[in-house]
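For reference, the structure discussed in these notes is given below.
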Amino acid sequence: MTILNDPSQPRTFQAYTGANGGVRKSTFSKVAAVCAIVATSWIVYINLTPDDMDANLRLAPESSGSRILSDDPFSVRYDNCIVGAGLSGSVIAENYARLLGQTSLIIEKRNHIGGNCYDYIDDDTGIRVSLYGAHLFHTKHERVWEYVQKFTDWVPYEHKVLGLVNGKHVPIPVTIDTVNELFDLNIQTTEEMDEWLKNEQIIPVDKDGNPREPENSEEVALMRVGQRLYDLIFKPYTKKQWDKYPAELGPEVLSRIPVRNDHDGRYFSDPHQALPKNGYTAIFEKMLSDPKITVLTNTDFFEVRDKLQCNRLYYTGPIDTYFADLGWPKLEYRSLSFERVVQKDTPGYFQPASVVNHPQAQNMDGEEVDFTRIVEYKHLLNQTSDHTIYFIERSTDEGDPYYPVPNQENQDLFQKYKEMAEKEEGVSFVGRLANYKYFNMDDAILNALELFDEDTAGMFEKETEENAVVESE
């Protein structure tokens, strides 16, 4: 799939239609008054601009298996309106359609489905890349693993990351090999590594000299790896990623990063680790392929909210944006920028791993390194090409919100927003932006599944009772 609504392309009306479990894209000129969809298909995904709203477009003919798009796409009442076509919103819509036969209208501000998981085939290289950074699926939750099997075949993949530190590529997270390479040691066993770490670690203590829990990410790092590794890796990388030093961030930031006492260079240790065989976008196409689900892209919820007709609303965007009319301070987020680089006539690779972190602020020549990592997608799924493509990632305050900034000030403010959210009747807040909490992909899926359980408690029993009455008659 290519990026939708490419500015270089003519403005068109785009409809995603599906039949027999498949999805295809049809593109129509806006001057057309009538757009025919074959009778065996149904409209799933419409991509409208404000001008399209006045174009009097109608899909025809109305027949078995087809659906009609009237002049006003908001004239239909839905069981659920969902803001966001990412993981959280798509899981909610898919479950309502499959398990309860309910309709959902998904409103997506971007010009594509899939949220930050969106990927596509790069035109210049033929390599599948992600538009918003590498996504590596891993989970310990059996329910999540079972759920994602419904939508694609998965290829086992255990992710390994290297970091360029003092001119050397070393495993990240820290392992025996990391320590040996950086400090010219010859540690061989877990016992030797434990002893080395013990001598490096700085345990936080209270005023009486008794050990206590770490209060920030600096104390977490010092307690786990000591001063030298903290100064080489953790401190400069955190500053680049968050524009704050670890001492300014809650302990949960660096608590997420493992430290290994063996040679295990895997970034994750979850029992299920894999990549989707046909990419992530294909997963969302299948998740949203039920005719009970309609998706509007290029549509800002706050510009159309007064037009919506739905029994319940699910909101996956930033919680402070939802309550912007209160005039409260905004929550703090970090965003990312991606510099795309195509390297022609490169049958091999640009770098030794799919992801290479660059934690230090300067390289060995004293030059500034303002980026956090480089991702080369050719490594993933053993893709082949005569060329290669990589993305240089930088952390920034501007752009789409990616990471909530976890400090006490933001947490206190979020609690105020959360109290307001709990008072919103008929509205559920779901996902990382609405919960102001960083979720891995599996966490986002589990969060949506559990919210669906909570919101639909009792519905299945009621449906069973109604069916039993009908059968008895």
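The values are calculated or read from the model by the stated rules, or taken from the named source; none is laboratory data. Note that the structure is predicted; figures quoted are calculated from it, not measured. With ideal geometry, Cβ positions are generated from the backbone for all residues, glycine too; neighbour counts draw on all protein chains shown. What goes into the accessible areas is simple: the full protein's heavy atoms, side chains included, and nothing from ligands, DNA or RNA. Shrake-Rupley method; radii C 1.70, N 1.55, O 1.52, S 1.80 Å.
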Condition (residue is among the hydroxyl-bearing types (Ser, Thr, Tyr) and modelled with pLDDT under 95) applied to segment 69-89: is it met by at least one residue? yes
By my count, strands (runs of 3 or more DSSP E) wholly in segment 159-278 with at least 1 residues that are open to solvent by 80 Å² or more (accessible area, probe 1.4 Å) are 168-172
query: Just a yes or no: is a residue in segment 323-340 in contact with a Lys or Arg (Cβ under 6 Å, 6 or more places away or on another chain) and either in contact (Cβ under 8 Å) with a residue 60 or more places away in the chain or among the hydrophobic types (A, V, I, L, M, F, W, C) (or both)?
result: yes
Of the residues in segment 333-373, those that are part of a loop (DSSP other than H, G, I, E, B), under 24 Å from Leu131 (Cβ atoms) and of a type in the set (Asp, Glu) number 1
Would you confirm, using the coordinates I've provided, whether Leu288 is in contact (Cβ under 8 Å) with a residue 24 or more places away in the chain and surrounded by 23 or more Cβ atoms within 10 Å (Cβ to Cβ)?
yes
For His112, the lone unmet condition from (1) surrounded by 22 or more Cβ atoms within 10 Å (Cβ to Cβ); (2) assigned to a strand (DSSP E or B) is (2)
Of the residues in segment 133-156, those that are surrounded by 17 or more Cβ atoms within 10 Å (Cβ to Cβ) and in a loop (DSSP other than H, G, I, E, B) come to Ala134, His135, Leu136, Phe151, Thr152
Considering residues that are among the acidic types (Asp, Glu) and within 19 Å of the chain's Cα centre (by Cα), the number found within segment 321-335 is 1
Counting only residues in segment 99-109 that are part of a loop (DSSP other than H, G, I, E, B) and out of contact with any strand residue (DSSP E or B) (no Cβ under 7 Å at 6 or more places or on another chain), the one surrounded by the most Cβ atoms within 10 Å (Cβ to Cβ) is identified as Lys109
Worksheet item: What do you reckon, is Arg340 in contact with a Phe, Trp or Tyr (Cβ under 9 Å, 6 or more places away or on another chain), open to solvent by 40 Å² or more (accessible area, probe 1.4 Å), under 22 Å from Pro236 (Cβ atoms) and at pLDDT 95 or above?
Response: no
Right, Asn311: open to solvent by 40 Å² or more (accessible area, probe 1.4 Å), assigned to a loop (DSSP other than H, G, I, E, B), in contact with an Asp or Glu (Cβ under 9 Å, 6 or more places away or on another chain) and in contact (Cβ under 8 Å) with a residue 24 or more places away in the chain or not? no
By residue number, the members of segment 397-431 that are open to solvent by 40 Å² or more (accessible area, probe 1.4 Å) and within 20 Å of Cys81 (Cβ to Cβ) are Met420, Glu422, Lys423, Glu424, Glu425
Notebook entry, point to check: Does Ser335 meet the test of being surrounded by 12 or more Cβ atoms within 10 Å (Cβ to Cβ), among the polar types (S, T, N, Q) and either modelled with pLDDT under 95 or touching a Ser or Thr at 6+ places or on another chain (Cβ under 6 Å) (or both)?
Noted result: yes
